[in-house]
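**Student:** Quick one: the structure is below, and I'll ask about it shortly.
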Amino acid sequence: MPTVLDSLNTALRQALTQDERVLILGEDLLDPYGGAFKVTRGLSDAFPGRVLTTPISEAGFTGLAIGMALRGLRPVVEIMFGDFLTLAADQIINHAAKFRWMYNGNKPETERVSLPLVIRTPMGGRRGYGPTHSQTLEKHFLGTPGLVVLAPCALGDPGQLLLDAILFTNDPLLFVENKLLYLAQVQDITQSDDFEFRIHNDRTDAEPGFAAPTYLCRVRGAPPPTLTLTAYGYMAELAQQAQRRLAYEHEVFVELVVPTGLSPCKMHPLLASLERTGRLLAVEEGTRNLGWGAEILARSAEALGARLKRARRLAAHDLPIPASGPLEAHVLPSVENIIQCCLEMTQSD
Amino acid sequence: MLPQKNLWAMKTMQQIEAELYRAMFRIRRFEETVLDNFPKGVFFGTTHTYLGQEANAVGVLHHMNQDEVVFSNHRCHGHFLAYGGDARALFAELMGKASGVCGGRGGSQHLHWRNFYSNGVQGGIVPIAVGAALAEKRKGARAATVAFLGDGTLGEGVVYEALNLAALWQAPILFVVENNHIAQTTPVELALAGGISARFAAFDIPARELDTSDVMEILPAAGALLEQVRTQSAPRALILHTWRFGPHSKGDDTRPAETIARLRQSRDPLTLHAARLSPAEKEAIEAQVEDEIQRAYQQAFADPYSSIADL
C-alpha cells in the first residue's frame, strides 16, 4: 500500500488534472524540492504555472487564494508548518470564513459568492522540532462558523478525502495533516486480517456536498466492546496500536471511532458506539484545556445523560512542546497512556 | 454598474461634468442623511462617513466597466454608491432590513453587490483584491481591479505582503490610497514614517500622487492609470491626499471646529465642481438627488426587518 504522503500527492495531481481551475500556492513548492514535507513533489514540473511558490507571507498568499476563490478558481494553499496558521488567522477567520454568510443574505442564487478554498497544513510533534514547529493548533479553528476542518487518517483513502475537498467544497476548508502520518502506510480496510471496519458516510449530513467518513474499528473476532475510544489523525494510529494490545495482552475490548470531519462536529457514529459501550475515552495530540476532547465529552454527555457511565480525555500536557526527546515524549499522549487509561476505565466499576 | 459608461465617448464634457456632480452630491446627501438620523436609533452599530472625499470614489470608479472588480473598506458608502449601488439597499443594510445589500447581515462595513466587496478589518482585504485581480488575469479577462486603502491602513503589515505579491506576479490592480490625514483620531504624522509613494516605489509599482479635492483632476489621472493596468496587466497606485469633514464614525472627532470649517471652505469637492455648472443645472440635479435620497430613506425605513428564519 502507498503511504499517506503518496496518497495525498496523487490526489493533488488528480485535482490539477481534472479541474483547470485548481492552483497550488505555498512556500518552497517548486521541484526538485517539492515542499518541506514533499507532499507537492513532482507537481510543479508536471503542471507549469499552476504550482506557485510564494514569498514567506502566509497572510498574503492565503489572502490571494481567497480572492482567487471568490473569482471562480479553486486554489489550494499549503502552510509549511501548522504552527504558522496563526499568521493567516485573520484571513481565515475574519475574511474567508465569513464571506459566504455575510455577503449572501438576501441574494438570489446567481448573485451569491462561494469560496472554494482548501488550506492544507502539517501539524503535530514527535520529531524534536520544539515549541514553534510541533504544535497541534487546530483547536483554535474548530467551531469557527463557515470554516470546515478535516483531518485525514491512514484508514481508507486519505487522498480521496483531499481530492473531494478540492473539487467539491464551496466553503473554505482547513485540511490538517499530521507529520508522522505522512510515512504511515494507508490501511486497506477491506483486506485487514487483524481488524474489522465499518465506514459511516452520512452524505446527507455533509456540509460541503461531500462525505467526510468516520471509521469504526474493532479487533477481528473480539467479543463486544466495553469502551469507545475516539481519536483522529495520527493519534488514531496510536489508538489502534493500543486497541490491539488491550485485546491481546489484557483481554479488554474497545471500539475505535475515527472521524475525518472535525468541524462541523459529526456525532452520530460516536453516539451509536457509546450506546453500546457506555464508556468514552477521547484522545488528542492538542493540549487538554478547552480542546476537541472537551467538546466531544460535552456533546456525548448532553446526548446520552446517565447512559454515559464514564468519560475521560487524554491529551497533551498544557505546555508548549519541548524539543528534547524524552521531554516531548512525556508531554504528548502515548500508546502506554492510552492503554493505562482504558484499563482504569474498564476495571474500576 | 452605471450603464452610461459605455456611452462615455459620445458624451459632451458638459454632460460628464453634470454626471460627476450628481454622483458626488448623491454620496454627500446619503451620508448627511445617515448622520442626521443616527440619533433617532434607526441604524444599528456605527458608520464611517465619506463626507469630503466624494471626488475620490467618483473620479476613480467613473472609469470602471461592468466586468471589473472593486474592493473597499470600512468607509465604503461612497465607494458603493459611486460603483452604482442602490441608496435604498444601503440605507436598508444600515437599518438591518431584509431589503439591505446583504439582508442586514453585514451592516455599514460589510457589503457585497455584483463585483463590489468590502470588509471591516484594516488591510485584510488588500491581498484578497490582489488575488481577485490575478484570477481575472488568469481567466484571460482584460479587467482591472481597484482596491481602496486609507492612510491608517498603511500600518498593517499584510498590505506590504500584498504589494510585494502584486508586483512579483504582475496583478492588474489599481491601489487607491485615500490619505485623509487622520486614522480614527490619530493624525497621520503620528502613525506614518517616511512617505506613501516610497512604499510603492519599493516594490516598483508606479504611483501617481495628487493633492486635490477636484474631481476633474482625479478623473483623468485615474483613467490613465486604469488604462495602464488593463493594457500592461500590471499594478499601479494612485495616492490621493484628501480630507474628511465628518468624524471617524459619529461624534468622535477630536479636531478643532475651525480646522473643519477651513477645510470645508477650501477643500469641498462639491463647491469646487459646482462652479462648472450653471446655477439652474446645479439646482435641478440637487432637487432630483434630494428626492431620490429621501425616497430611498423612507422606503428603507418602511421595509421589514430581516427574518430570523433566514439566518
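**Student:** Residues of A:270-278, mean number of Cβ from any other protein chain within 10 Å of their own Cβ, rounded to a whole number? Before the final figure, lay out the partial values.
**Tutor:** Numbers: counts 0, 0, 0, 0, 0, 0, 0, 0, 0.
Taking the mean over all residues of the peptide, I get 0.
**Student:** For the pair B and A, how large is the buried accessible area, both sides, in square angstrom to the nearest 100, if the probe is 1.4 Å?
**Tutor:** On the way: alone 13260 and 14810 Å², together 25260 Å².
By this definition, chains B and A bury close to 2800 Å².
**Student:** May I ask you to derive the FRET efficiency for residue A:17 and residue A:344 from their Cβ-Cβ distance with R0 = 51 Å, giving the value to the nearest 0.05? It would help to have the intermediate numbers written out before the result.
**Tutor:** Details: r = 50 Å, r/R0 = 0.99.
For R0 = 51 Å, the calculated efficiency reads 0.50.
**Student:** For a protection proxy built on the mean count of beta-carbon atoms within 10 angstrom, sort A:296-302, B:55-61 highest first, please. Write down the numbers at each step before the final one.
**Tutor:** Numbers: A:296-302: 15.7, B:55-61: 29.0.
The densest-packed peptide leads the list: B:55-61, A:296-302.
**Student:** Once R0 is set to 41 Å, what does the formula 1/(1 + (r/R0)^6) return for the Cβ-Cβ distance between residue A:183 and residue A:272, expressed as a FRET efficiency to the nearest 0.05? Intermediate results must be reported in sequence, preceding the final value.
**Tutor:** Details: r = 32 Å, r/R0 = 0.79.
Taking R0 as 41 Å, the efficiency between residue A:183 and residue A:272 is 0.80.
**Student:** Let me ask another. Taking Cα atoms, how many degrees apart are the long axis of helix A:335-347 and the longest axis of chain A, rounded to 10 and kept between 0 and 90?
**Tutor:** That helix lies at roughly 40 degrees to the long axis.
**Student:** Highest mean first, how do B:268-281, A:22-35 rank when packing is the count of other Cβ atoms within 10 Å averaged over residues?
**Tutor:** Working: B:268-281: 16.0, A:22-35: 19.0.
So the order, starting with the most tightly packed, is A:22-35, B:268-281.
**Student:** Modelled label-to-label distance, residue B:36 and residue A:36, 7 Å Cα→beta-carbon offset: nm?
**Tutor:** 5.8
**Student:** Which residue fluctuates the most in chain B, going by a Gaussian network model with Cα springs under 10 Å, if the choices are B:101, B:188, B:70?
**Tutor:** The residue that fluctuates most here is B:188.
**Student:** For chain A, set up a Gaussian network in which alpha carbons nearer than 10 Å are linked by springs, and say which option among A:122, A:131, A:48 fluctuates the most.
**Tutor:** Answer for the Gaussian network model of chain A: A:48.
**Student:** Going by a ≥ b ≥ c, the root eigenvalues of the Cα gyration tensor, does the stretch B:243-311 fall in the rounded group (a/c under 1.5), the prolate group (a/b larger than b/c) or the oblate group?
**Tutor:** Values: a/c = 3.93, a/b = 1.33, b/c = 2.94.
Judged from the Cα gyration tensor, the stretch B:243-311 comes out oblate (a/c at least 1.5, b/c at or above a/b).
**Student:** Given the stretch A:195-347, what percent of its DSSP beta bridges are antiparallel, to the nearest 5? Before the final figure, lay out the partial values.
**Tutor:** Details: 10 of 23 bridges.
The answer is about 45 percent antiparallel.
**Student:** With a sphere of radius 12 Å drawn around the Cβ of residue B:304, what net charge do the other residues whose Cβ falls strictly inside it have (Lys, Arg +1; Asp, Glu -1)? Can you show the working numbers first?
**Tutor:** Details: positive: B:97; negative: B:303, B:310.
Combined, the nearby Lys, Arg, Asp and Glu give -1.
**Student:** Compute the label zone of residue A:248 within the stretch A:308-349: residues whose backbone N is under 20 Å from the point 7 Å along Cα-to-Cβ.
**Tutor:** From the stretch A:308-349, the list is A:334-343.
**Student:** According to a simple spin-label model (label point 7 Å from Cα along Cα-to-Cβ), what is the distance in nm between residue A:10 and residue B:46?
**Tutor:** A separation of 5.4 nm, rounded to one decimal place.
**Student:** Across the residues of A:65-77, average count of Cβ atoms on other protein chains within 10 Å? Show your work: numbers first, answer last.
**Tutor:** On the way: counts 5, 6, 20, 9, 4, 10, 14, 5, 6, 0, 3, 0, 0.
If you average over the peptide's residues, the count of other-chain Cβ atoms is 6.
**Student:** Pop out the carbon and sulfur fraction of the accessible area of the stretch A:4-183 as a percent, whole number, probe 1.4 Å. If you can, show how the numbers build up before the last one.
**Tutor:** On the way: 3070 of 5700 Å².
Ligands and nucleic acids excluded, carbon and sulfur reach 54 percent.
**Student:** Can you give the angle from 0 to 90° between the axis of helix A:268-277 and the longest principal axis of chain A, with both taken from C-alpha atoms, to the nearest 10?
**Tutor:** That helix lies at roughly 10 degrees to the long axis.
**Student:** Grab the other residues whose beta carbon is less than 11 angstrom from that of residue B:243, score K and R as +1, D and E as -1, and report the net. Don't skip to the end; give the middle numbers.
**Tutor:** Details: positive: B:244, B:255, B:262, B:264, B:267; negative: B:178, B:211, B:268.
Net charge in that neighbourhood comes out at +2.
**Student:** Report which residues of the stretch B:136-161 become buried by 10 Å² or more of accessible surface when going from the isolated chain to the complete set of protein chains (1.4 Å probe; DNA, RNA and ligands ignored).
**Tutor:** B:136, B:138, B:139, B:158, B:161
**Student:** Keeping every protein chain present and rolling a 1.4 Å probe, give me the accessible area per residue for chain A in Å². Kindly include the intermediate steps, with their values, before the conclusion.
**Tutor:** Numbers: 13400 Å² over 349 residues.
Accessible area per residue, chain A: 38 Å².
**Student:** Follow-up. What net charge is computed for the residues neighbouring residue B:136, neighbours being all others with C-beta under 12 Å from the C-beta of residue B:136, Lys and Arg scored +1, Asp and Glu -1? Numbers along the way, then the final one.
**Tutor:** Details: positive: A:71, B:137, B:138, B:139, B:142, B:230; negative: B:67, B:68.
After counting each charged neighbour, the total is +4.
**Student:** Expressed as a whole percentage, what fraction of the accessible surface of chain B belongs to carbon and sulfur atoms when a 1.4 Å probe is rolled over the protein heavy atoms? Could you put the intermediate results ahead of the total?
**Tutor:** Working: 6370 of 11860 Å².
That fraction is 54 percent.
**Student:** Continuing with this model, one more query. At what distance in nm do the modelled label points of residue A:193 and residue B:250 sit from each other, each positioned 7 Å from its Cα along Cα→Cβ?
**Tutor:** My value for the distance between the label points is 7.5 nm.
**Student:** Also, I was wondering about something else. Per the 1.4 Å probe, what fraction of the accessible area of the stretch A:195-347, in percent, lies on carbon and sulfur atoms? It would help to have the intermediate numbers written out before the result.
**Tutor:** Numbers: 3350 of 6600 Å².
C and S fraction of accessible area: 51 percent.
The values are calculated or read from the model by the stated rules, or taken from the named source; none is laboratory data. The shown structure was predicted, so the numbers you read here are calculated from the model rather than taken from an experiment. Glycine also receives a Cβ, built like all others from the backbone with ideal geometry; neighbour counts cover every protein chain displayed. These accessible areas exclude ligands, DNA and RNA; they are computed on the full protein's heavy atoms, side chains included. Shrake-Rupley method; radii C 1.70, N 1.55, O 1.52, S 1.80 Å.
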